Amino acid sequence: MRVLFVSAVLVLADQISKTIVVRTMSLYESIPVIQNFFHFTYITNDGMAFGIEFPFGYFIFSAVSILLTFFLFWYLWSVRNHSIVIRLGLAMIIAGAIGNLIDRLFLGEVIDFLDFMIGNFHWYVFNLADSYVTVGMTLILIDSIILEKKREKAQL
């Protein structure tokens, strides 16, 4: 399955980017890339997405992440003959899950550093793995909603 190569490359990019941030920045340091729009801001997150926390979160979230990752591998295998768009979407979600799982298992927290804002609106700080999940879900939605309809019309 060639799309797993994509997952591996994305996980590597995620881990390299986080290593660079940890080695070159101080915790909570923020470096403007585009002033008042995009900064590199080094924070850690020991909760769930967007800083959501709950009791025993580390163990529960790690276990759920591991199970979900195995499910995604199985699902990717089950759709191996489907559209490349859906397979790439799944590969990206797998990469995101593994990237953050590595952090959670080895560091006990996730490294975040991509920080976007527009005026007073400030989005949550996130990382490449988070963006892989978002883009992967978007690809799956595009395939399911738009491309599937085009395939159905082409068969008529």
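Set side by side, the residues 82, 122 differ, and just one is within 29 Å of residue 34 (Cβ to Cβ), free of Cβ contacts under 8 Å to residues at least 24 places away in the same chain and not polar (S, T, N, Q), which is 122. For the stretch 42-65, the criterion of being outside any loop (DSSP other than H, G, I, E, B), of a type in the set (A, V, I, L, M, F, W, C) and in contact with a strand residue (DSSP E or B) (Cβ under 6 Å, 6 or more places away or on another chain) is met by at least one residue. Screening the stretch 1-41 for residues that are part of a strand (DSSP E or B) and among the hydroxyl-bearing types (Ser, Thr, Tyr) and picking the one that is nearest to residue 98 (Cα to Cα) gives 41. Among the residues making up the stretch 1-44, a single one is of a type in the set (Lys, Arg) and surrounded by 13 or more Cβ atoms within 10 Å (Cβ to Cβ): 18. I'd like to know if the stretch 56-71 contains one or more residues that are at pLDDT 95 or above, loosely packed, with under 11 Cβ neighbours inside 10 Å and on the phi < 0 side of the Ramachandran plot. No, the stretch 56-71 has no match at all.
The values are calculated or read from the model by the stated rules, or taken from the named source; none is laboratory data. Since we're looking at a predicted model, the values are computed, not measured. Methodologically, a virtual Cβ is constructed for each residue, glycine included, from the backbone with ideal geometry; neighbour enumeration extends over all protein chains shown.
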